[in-house]
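Enquirer: Dropping a structure here in structure tokens format, bear with me for questions.
Values in this text are rule-based calculations from the coordinates and carry no lab data. As the structure is a computational prediction, the values presented were derived from the model and not from experiment. Here Cβ is always computed from backbone atoms with ideal geometry, including for glycine, and neighbour counts include all displayed protein chains.
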Amino acid sequence: MATHDIRVTVNGTAYDAQVESRLLLVHLLRDQLRLTGTHIGCDTTHCGACTVLLDGQPVKSCTVLAVQADGRQISTVEGLEKDGKLHPLQEGFWEKHGLQCGYCTPGMLMTTCALLTRSKNPSEAEIREAISGNLCRCTGYNNIVKAVQFAAERLGKEA
Amino acid sequence: MQPRTTPEVGGMGHSMKRKEDPRFIRGKGNYVDDIVLPGMLWMDIVRSPFAHAKIKSINTEKALKVPGVLAVITGETLAKYNLHWMPTLMSDTQMVLPTEKVMYQAQEVAAVIATSRYAAADGVDAVEVDYEPLPVVVDPFKALEPNAPVLRTDKKDKKDNRIFHWEAGDRAGTEKAFAEAEVTVKQDLYIPRIHVASIETCGCIADFDRVNGKLTVYMTTQAPHAIRTVFALVAGHVGLSEERIRIVSPDIGGGFGGKVPVYPGYVIAVAASVVIGKPVKWIEDRMENLQADSFARDYHITAELAAKKDGTITALRMKTLADHGYTDAAANPSKFPAGLFSICTGSYDVKKAFVEVDGVYTNKPPGGIAYRCSFRVTEAVHAIERVTDVLAQQLKMDPAELRMKNFIPKEKFPYKSALGWEYDSGDYPAALRLAMDKIGYHALRKEQAEKRARGELMGIGISSFTEILGAGPSKQFDILGIKMFDSCELRIHPTGKAIARFGTKSQGQGHETTYAQIIAEELGIPASAVQVEEGDTDTAPYGLGTYASRSTPVAGAAGALAARKIREKAKKIAAHLLEASEEDLVWETGKFSVKGAPSRSKTIQEIAFAAYTNHPPGMEAGLEAVNYYDPPNLTFPFGSYICVVDIDRGTGMVKIRRFVAVDDCGNIINPMIVDGQIHGGLTMGMAPALLEEISYDENGNIQGGSFMDYLLPTAVESPSWETYKTVTPSPHHPLGAKGVGESATVGAPPAIANAVVDALAHLGVKHVDIPITPEKVWRILKEKGVAE
């Protein structure tokens, strides 16, 4: 199996890694960089538990090869908190009970983080559409919507 | 209920933010696949492509040459230690790895141990298995025909495919009531096979320490203590005695019943670690999870009601065929092969009832576990709530009116049901009335009539369910003989903070918060200062775990009673400190004071300090208590749900326009968490009603084996749920609580199905089996000539 030397920047820190061609980005993050906040929930790109931002765009890291991330910027849930201050989405999920088992939460946070970057004040329908590629089995989504609305409002005030 | 404690203390009734969330929102949860141990190896599993086949040979030669592959474990390997079969929780037997034949598609055939995740998968691809296909039995009705192949050839005396026959109630009296009835209705229903599909799949790390002879297993289990005992019983003969087994259940990414059973993968990983002497990690992928783990439901039910012309229900009869797959690996209490299906008289005052269930073997994965419900309650509720609507339609009565007419009246509680349960408390009309008010029932009926006149399809569906939770009283409830109590060990530190350990295991329910709130309620120690731990069998007290909504009814009660024991001792210490007699002390949250002299008081913190620094002569130092709670009865939460659907005549698509859920789970510990449980349960109830089914073709090939075909609801299909409460405390639970985690999964499906049938009733439709897919509806519309 051919290996490749790659450099990825994850949450602002550059990492050099030697990877097999077939290594999935999610396994690079979890197994090699030990950033285990990004989870794996399916094999078919449906559940979204592995969602990370690749150059700002949400991608399902179980369907991206590590080599495809070479030279690019990756953001994961571990990078959301800045200087000991939670991201408004993290606060929103906590405040509005937007999580239960917590397994889908990192993917939800990254997907909605990208949503709030492109849409400052999304409607409920927009939020639901945005997270339709992220499955949650616990919350019924009601409070995830509220969590995102909370964060949008908070970000609006900060802006 | 107004909270009795301040928000700072955070006892019952406070919507306290969850204590577990800071780690989850930062990606710092600790799920099993996050754990890496030094020297850890990986396991992956070879699975059968056939539903029924003889294994002629397994060739591991090529696999063993794959770089990184260290070993291949087969049934023959395990047979050397007599570990190739294991008992199920229902006292049936299940293969760990086969030595002769496979019994369902995706059954474990061999396991590859390797130095990495990828090498193990390469090894799986290189194992060569030669199969000889055998006749496949998929249809449970055909399985009982005289010429059906007998599947369990391993059981010497087995001559057919019947697993059990179980019945309850008064057969003769019920037959008489039906014979004399003015009206009878009969409905066949199929409650399809579904899968809990928690977003985290199952897995473990088995770590056998050869020096100490100790096995530690980190695993996705809802019932770590029971698992430890099962491991000790199964593997005691190879030296794994119970004190040398430690099961750790770390953070669990959803359970819903799917993480109760012992799956072969866990046992193989343990065997591999014992043989190799290194930690072995096994994490199943989603397809393995859907294809091989325990399923739920798969009940073929014939439900009948007898009634008077005025709508008074006089008798109920249900006959069910339960497809269990190739072994009965359900996770019911042992004396209940069909779980608590006999709750099927529901919320109604039915005088005569008879119910029977036959369990059958087929070439499908084993199970019969719950899908977020208490042992077959969902099947029972779906049957009664559906057939009640069939009766309403037959009598041309409004389904709400028919329900109101037949509800068990409030004054009849505690109520003894015809099938033997003693319902603890209820006020069913109040819940239905509230739901009707909130949704605007009568206005909706008017709108429906107008729409119908215009040819539009709109339906309103009601479900007035009663659950049965909190298994259970030791007289009737055990799993493999272990009584279904649960436990709390509570220790108060000198500075007045506490640690509370429980025999249950949260999978997202928020125990770290709600249990702390129970302690806060009882002792006045702020919930924020109560550390809750579960899931490690080396430290937590023995308990039967979290499923069937039993945590609050059983372990929550244990927490309250342990706290009350502490309070008793605290009273003695307070009397000593205040130089007063115990009789003269009064308790108000967080302190004892002298009657008539409120300034003379000692807080629980002062008392705790004294317990370690100045305890009364003759008293043991310290302040801790243990309670093993054996519930006197089960709890019976209830509710009324009303659903409004619109149906697209072009596509057959059912859209839930509104859904009002009124729940009564008794007294509430954390309203925010209770609402969250209901929201989640509603979406998980909508799932089998509209989307989810695992079916098989005639060769036993699974048709819903990945998320490509097995459709979980997304945020787009889920409506914005509207939730309300009535509060009828349980008279026998120390906190008046009843449990809530599964009410909505149980109550929602018939509300949705009833709404769809209601939308189509004027076309002559009496029933539609779930899942009500667009295709199914479109075919009906086409047949009735109304498809656009």
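Enquirer: Mind listing the long-range amide H neighbours of B:Asn59? Cut-off is under 5 Å, sequence gap 5 or more, other chains count too, H placed in the peptide plane at 1.01 Å from N.
Expert: B:Glu128, B:Val129, B:Asp130
Enquirer: For peptide A:124-134, compute the average count of partner chain beta-carbon atoms within 10 Å of each residue's beta-carbon. Spell out each step's value before the answer.
Expert: On the way: counts 2, 2, 0, 1, 7, 3, 2, 3, 6, 3, 3.
That works out to 3 on average.
Enquirer: Here's a follow-up. Cross-link list B:Lys281/B:Lys364; B:Lys259/B:Lys505; B:Lys186/B:Lys766; B:Lys54/B:Lys155; B:Lys319/B:Lys483; A:Lys146/B:Lys738: which exceed 18 angstrom alpha carbon to alpha carbon? Each step should come with its number before you reach the end.
Expert: Values: B:Lys281/B:Lys364 26 Å; B:Lys259/B:Lys505 11 Å; B:Lys186/B:Lys766 11 Å; B:Lys54/B:Lys155 16 Å; B:Lys319/B:Lys483 29 Å; A:Lys146/B:Lys738 27 Å.
Among B:Lys281/B:Lys364; B:Lys259/B:Lys505; B:Lys186/B:Lys766; B:Lys54/B:Lys155; B:Lys319/B:Lys483; A:Lys146/B:Lys738, the Cα-Cα distance tops 18 Å for B:Lys281/B:Lys364; B:Lys319/B:Lys483; A:Lys146/B:Lys738.
Enquirer: A follow-up question, please. Using θ = phi - 60° and the Karplus form 6.51 cos²θ - 1.76 cosθ + 1.60, what ³J(HN,Hα) does each residue of segment A:21-36 get, whole Hz, x for Gly and Pro?
Expert: 4, 8, 5, 7, 4, 4, 6, 4, 5, 7, 8, 8, 8, 6, 9, 8
Enquirer: Working from the pairwise distances between different alpha carbons, so that the mean of 1/r is found and then inverted, what is segment A:88-158's Kirkwood radius in Å?
Expert: That comes to 11.6 Å for segment A:88-158.
Enquirer: Let me ask something else. Using only the Cα atoms of segment B:247-332, what semi-axes does the equivalent ellipsoid have when each is the square root of 5 times a gyration tensor eigenvalue? Give whole Å, largest first.
Expert: 43, 14, 11
Enquirer: Now a separate question. Give me the log10 of I(q) over I(0) for the protein assembly as shown at q = 0.08, 0.09 Å⁻¹, as the Debye formula computes it from C-alpha points; what are the numbers?
Expert: The Cα Debye sum returns log10 ratios of -0.77, -0.98.
Enquirer: Could I ask something else about it? Once you charge only the Cβ atoms, +1 for Lys and Arg and -1 for Asp and Glu, what is the size of the charge dipole of the protein assembly as shown about its Cα centre, to the nearest 20 debye?
Expert: 1100
Enquirer: Related question: Out of B:Met103, B:Ala120, B:Ile55, whose Cα points farthest toward the positive end of the dipole of segment B:48-134 (charges: +1 Lys, Arg; -1 Asp, Glu; placed on Cβ)?
Expert: Highest projection toward the positive end goes to B:Ala120.
Enquirer: May I ask you to evaluate 6.51 cos²θ - 1.76 cosθ + 1.60, the Karplus curve with θ = phi - 60°, for each residue of segment B:318-330 and list the ³J(HN,Hα) values in order in whole Hz, giving x for glycine and proline?
Expert: My calculation for segment B:318-330 gives 9, 10, 9, 10, 10, 8, 9, x, 7, 8, 7, 10, 5 Hz in order.
Enquirer: What are the GluC sites (Glu not before Pro) within segment B:71-120 that DSSP puts in a loop, where the Cβ has at most 14 other Cβ atoms within 10 Å? If you can, show how the numbers build up before the last one.
Expert: On the way: sites: B:Glu76, B:Glu100, B:Glu108; in loops: B:Glu100.
Here the sparse-neighbourhood loop sites are B:Glu100.
Enquirer: Using only Cα atoms, what Kirkwood radius does segment B:1-152 have, in angstroms?
Expert: It works out to 19.5 Å.
Enquirer: Say the cut-off is 19 Å between C-alpha atoms; which of A:Lys60/A:Lys82; B:Lys309/B:Lys405; B:Lys176/B:Lys416; A:Lys85/B:Lys28 go over it?
Expert: Exceeds cut-off: A:Lys60/A:Lys82; B:Lys176/B:Lys416.
Enquirer: Cut-off 10 angstrom, C-alpha nodes, Gaussian network model of chain A. Which of A:Thr112, A:Thr63, A:Thr76 fluctuates the most?
Expert: Highest fluctuation among the options: A:Thr63.
Enquirer: Next question, about the same structure. Can you give the calculated 222 nm mean residue ellipticity of chain B, where each DSSP H run of n ≥ 4 adds -39,500 (n - 2.57) and the sum is split over every residue, rounded to the nearest 500 deg cm²/dmol?
Expert: Result for chain B: -8000 deg cm²/dmol, rounded to the nearest 500.
Enquirer: Taking the Cα atoms of segment B:472-629, what is the range of coordinates along each of the three principal axes, in descending order and whole Å?
Expert: 52, 31, 28
Enquirer: Provide the percentage of antiparallel DSSP beta bridges, counting only those with both residues in segment A:3-79; round to the nearest 5. Intermediate results must be reported in sequence, preceding the final value.
Expert: Details: 15 of 17 bridges.
So the antiparallel bridges amount to about 90 percent of the total.
Enquirer: Here's a follow-up. Along its three principal axes, how long is segment B:704-788 when you only count alpha carbons? Whole Å, largest extent first please.
Expert: Sorted largest first, the three principal extents are 57, 36, 22 Å.
Enquirer: Once the Cβ-Cβ distance between A:Thr3 and B:Glu128 is put in as r, and R0 is 30 Å, what FRET efficiency do you end up with, to the nearest 0.05?
Expert: 0.60
Enquirer: Sort B:His237, A:His87 so that the residue with the fewest other Cβ atoms within 10 Å of its own Cβ comes first and the one with the most comes last.
Expert: Exposure proxy ranking, most exposed first: B:His237, A:His87.
Enquirer: Scan around B:Arg47 for amide H atoms under 5 Å from its own, H built in the peptide plane at 1.01 Å from N, and keep only partners 5 or more places away or cross-chain.
Expert: Distant-sequence amide H within range of B:Arg47: B:Val109.
Enquirer: Moving to a separate point now. Obtain the radius of gyration and the Kirkwood radius of chain A from its C-alpha atoms and give Rg over Rh.
Expert: 0.98
Enquirer: Once phi is turned into θ = phi - 60°, what whole-Hz ³J(HN,Hα) does the Karplus curve with 6.51, -1.76 and 1.60 give for every residue of segment B:354-362, x standing for Gly and Pro?
Expert: Karplus-based 3J(HN,Hα) across segment B:354-362 equals 8, 9, 9, 9, 10, x, 9, 8, 9 Hz.
Enquirer: Would you pull out the residues with amide H under 5 Å of B:Gly503's amide H, same chain only if 5 or more places away, H placed 1.01 Å from N?
Expert: Close amide H contacts, sequence-distant or interchain: B:Ser487.
Enquirer: State the volume of the convex hull built on the alpha-carbon positions of segment A:3-79, expressed per residue in Å³ and rounded to an integer.
Expert: Measuring per residue, one finds 74 Å³ for the Cα hull of segment A:3-79.
Enquirer: Right, something else. Counting only helical runs of four or more DSSP H residues, what would the 222 nm mean residue ellipticity of chain A come to if each run contributes -39,500 (n - 2.57) and the total is spread over all its residues?
Expert: The per-residue figure over chain A is -9000 deg cm²/dmol.
Enquirer: A further question follows. Under a straight-distance cross-link criterion of Cα-Cα below 17 Å, which lysines are reachable from B:Lys572, leaving out those fewer than 8 residues away in the same chain?
Expert: B:Lys591, B:Lys595, B:Lys602
Enquirer: Find which of B:Cys204, B:Pro526, A:Leu54 sits farthest along the positive direction of the dipole of the protein assembly as shown, computed with +1 on the beta-carbon of Lys and Arg, -1 on that of Asp and Glu, about the Cα centre.
Expert: Selected residue: B:Pro526.
Enquirer: Decide, for chain B, between rounded, prolate and oblate: order the square roots of the alpha carbon gyration tensor eigenvalues as a ≥ b ≥ c, take rounded if a/c falls under 1.5, and otherwise choose prolate if a/b is larger than b/c, else oblate. List each step's numbers first, then the result.
Expert: Values: a/c = 1.82, a/b = 1.05, b/c = 1.73.
Because a/c hits 1.5 or more and a/b fails to exceed b/c, chain B counts as oblate.
Enquirer: To check you understand DSSP bridge types, tell me what percent of the beta bridges within the protein assembly as shown (both residues inside) are antiparallel, rounded to 5.
Expert: Roughly 80 percent of the beta bridges in the protein assembly as shown run antiparallel, per DSSP.
Enquirer: Return the loop-located GluC sites (Glu not before Pro) in segment B:635-711 (DSSP other than H, G, I, E, B) with at most 12 other Cβ atoms within 10 Å of their own Cβ; answer none if there are none.
Expert: B:Glu698
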